[in-house]
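Beneath this line is the structure, given in structure tokens, with notes to follow.
Rule-based calculations on the coordinates, nothing more; no lab input. Please read all numbers here as calculations on a predicted model, not as lab measurements. Cβ coordinates were reconstructed from backbone atoms using ideal geometry, including for glycine residues, and neighbour counts include every protein chain displayed.
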């Protein structure tokens with residue numbers, strides 16, 4: 001809430017406090033900011049932004065610029081990943097795109113979409129040892145916000161693997177025989193951690209690991225109010241050169257955005273449907289909410305009386 | 001450079017040096033004012049001198065060559081076919097003898113009145129518009145765009161001279177209805193929202209889109225707002241929404257300038273035609289039947305690896321051929337959203353915004369601009385102030401309006417409700433007349449002529465606000 005209002009007398013919301021001699025006109029609907037991060041009811045000096053809000057904005061912009069340039073702490077994330085009960089036997093693979101640094105990354109998206117030579121080699125070697133491949137590869141990619149990856153990856157994956165049944169390669173054949181299509185366990189490739197990567201690098205990884213499907217977790221471009229937003233991109237049979245039409249996206253995964261359980265539910269739905277139809281992208285629409293939406297299809301809001 | 005005897009289609013000699021350009025696409029790309037996306041594509045001029053020479057060479061190219069030498073093959077691309085098959089030779093006749101340089105002179109001349117510009121419109125192809133823009137300064141782009149008047153209508157009239165409309169963009173990261181309603185209230189009370197109330201949904205989902213469409217429809221009906229709503233979901237989702245009976249005003253789609261770009265977006269021209277028919281069948285417009293809302297932006301074709309070796313501004317102009325086929329209410333170039341790999345800084349964003357607005361207007365589109373930047377671009381609010389002011393002078397059809405410039409869903413900065421009021425006040429620009437009258441009736445505006453707002457909360461909104469924050 002607006003701290004500057006702490007000492008002002010209680011007002012009826014319908015009686016805005018305004019003195020025509022004051023340069024700044026406050027907005028009585030400022031209190032709506034308890035319900036949204038949007039910068040509503042900022043008030044005005046004439047028709048312009050009051051000084052306080054101008055300076056608040058500039059600080060937030062400065063912080064967002066800084067977030068773009070903070071690197072991902074790979075060792076910390078990797079350490080936490082291996083200790084999860086769903087973690088594959090093989091340790092996470094630490095990979096790097098062809099963009100050598102942040103400056104190259106920002107100006108050359110083509111470099112960010114492909115693995116560098118040693119990373120590609122690392123995956124190719126892995127494939128030699130595991131030629132049968134996997135059902136699912138997970139690529140954790142820094143993107144434009146390492147903060148988003150650092151903060152949201154583990155809780156999201158933990159929520160996902162409460163829903164998604166996993167199997168080890170050893171018993172995959174057995175599982176295939178015994179399980180129904182929807183419940184069939186997934187074999188999981190070693191988790192891939194990628195520096196200076198973009199969404200499409202998941203296709204390179206998917207192909208090289210001989211995985212049927214790739215789920216990319218990537219730091220989205222930081223916003224002023226959300227420097228920590230994680231994006232999820234699903235591609236069935238990812239191949240280098242695939243366009244966005246082949247992908248399904250779940251965006252804004254973070255504590256103050258789409259909650260982990262909700263995101264996991266959507267991802268589980270899309271993964272299951274992608275496997276059932278052997279495809280992803282625009283032909284695979286997200287209907288995971290349909291039942292909820294039909295049951296609770298209200299449009300009620302305070303602007304329109306019931 | 002310095003290849004006197006090779007396969008260059010265009011040559012230009014300065015002193016003892018000869019500059020060569022392999023074909024029209026190469027010449028167009030090298031003549032383009034510098035920007036990061038063309039460097040990324042490897043099509044930009046290598047030196048400042050080469051760019052200036054390319055501009056001189058391009059100025060000597062006859063406009064008619066663009067009808068013969070197609071930059072994207074006719075057989076491979078339905079947008080090329082659209083451009084060529086729909087070209088109007090009669091409309092082209094008055095300027096058909098001109099070169100690109102001569103066309104610039106004609107556009108700036110007193111011969112090119114508003115009605116003359118309208119009469120040649122169907123004879124101008126996107127490539128001609130792109131070519132001439134490359135040899136125009138910013139003030140040329142502004143001056144000619146201002147002479148082009150493009151009107152469109154649905155529940156109000158957009159694009160009249162002396163008017164600037166705003167899209168109220170109440171996005172919320174989880175599509176929360178209270179959050180969306182809060183931003184809508186804020187925007188309406190800051191006199192924004194006449195172009196459209198348009199939500200980018202957090203997730204592409206038919207049921208959610210349908211719900212948001214109904215929510216906005218109820219608000220528009222309740223307050224009798226002369227405006228229209230749109231959920232910016234994929235065109236195939238909107239078609240499903242219409243099939244399910246949702247009250248759809250406008251159909252949205254992001255469009256690009258090559259068939260391969262649009263393939264990557266998951267639609268083609270037939271999809272758009274089907275969607276337009278579906279929206280028209282609902283007959284929801286009261287003063288007009290422009291039912292389409294398109295968004296574009298330089299760099300989308302390259303981003304989809306579908307640019308055919310063209311520069312990004314030429315690809316962008318070709319998207320306008322798609323737009324004008326479907327008589328849109330609004331076309332919005334989302335100029336700074338794509339990021340610094342395509343438009344590096346405030347200077348490149350500004351130039352691109354003015355080019356897009358000019359090309360759109362010349363081709364007959366109700367062209368607006370999302371004056372915006374991302375946090376990884378070299379740009380800030382001052383750059384946006386500059387572009388907003390320039391576009392206001394140029395007669396831009398509409399801009400975005402959002403609380404405090406901060407889009408909490410798409411994570412970028414665009415123009416605020418306050419910014420729109422600034423442009424209206426310094427440039428004397430009014431919202432759509434039907435909406436302007438509504439602002440007066442609702443007592444949101446205190447004085448429409450002086451662009452002042454009511455100091456009191458208007459009666460009609462008092463009860464609504466009480467419902468939300470009254471119990472304290």
Honestly region B:1-154 on the Cα gyration tensor test (a ≥ b ≥ c root eigenvalues; a/c under 1.5 rounded, otherwise a/b vs b/c for prolate or oblate) is just prolate
Rounded to the nearest 0.05, what FRET efficiency do residue B:244 and residue B:65 have when you use their Cβ-Cβ distance and R0 = 45 Å?
0.40
Computed [θ] at 222 nm, deg cm²/dmol, chain B (DSSP H ≥ 4; -39,500 (n - 2.57); rounded to nearest 500):
-13500 deg cm²/dmol
Fewest to most Cβ atoms within 10 Å: B:14, B:206 sort as B:14, B:206
DSSP beta bridges in chain B [antiparallel fraction, %, rounded to 5]:
35
Using 0.36 nm per residue of separation minus the Cα-Cα distance, give me the extension gain between residue A:283 and residue A:34 in nm, one decimal.
85.8 nm
Report the Cα centroid-to-centroid distance between region B:326-378 and region B:148-202 in angstrom, as an integer.
18
For residue B:46 and residue B:76, FRET efficiency with R0 = 30 Å and r from the beta-carbon atoms, rounded to 0.05?
0.60
Can you compute the FRET efficiency between residue B:114 and residue A:56 using 1/(1 + (r/R0)^6), with r the Cβ-Cβ distance and R0 = 35 Å? Round to the nearest 0.05.
0.20
Each label sits 7 Å from Cα toward the beta-carbon; between residue A:276 and residue A:120 the label points are separated, in nm, by 3.8
Which whole number gives the average, over all residues in A:25-36, of C-beta atoms from other chains lying within 10 Å of the residue C-beta?
6
Given A:254-266, B:312-324, B:334-346, A:80-92, the highest-first ranking by average Cβ count within 10 Å works out to B:312-324, B:334-346, A:254-266, A:80-92
Cβ neighbours within 10 Å from other chains - mean over B:250-263
0
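What's the average, rounded to a whole number, of partner chain beta-carbon atoms within 10 Å of each residue's beta-carbon in B:183-192?
4
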Honestly region B:247-396 on the Cα gyration tensor test (a ≥ b ≥ c root eigenvalues; a/c under 1.5 rounded, otherwise a/b vs b/c for prolate or oblate) is just oblate
The rounded separation in angstrom of the Cα centers of region A:220-241 and region B:420-449 is 40
Any chance you could check the Cα centroid distance between region A:122-161 and region B:210-240 for me, in angstrom?
38
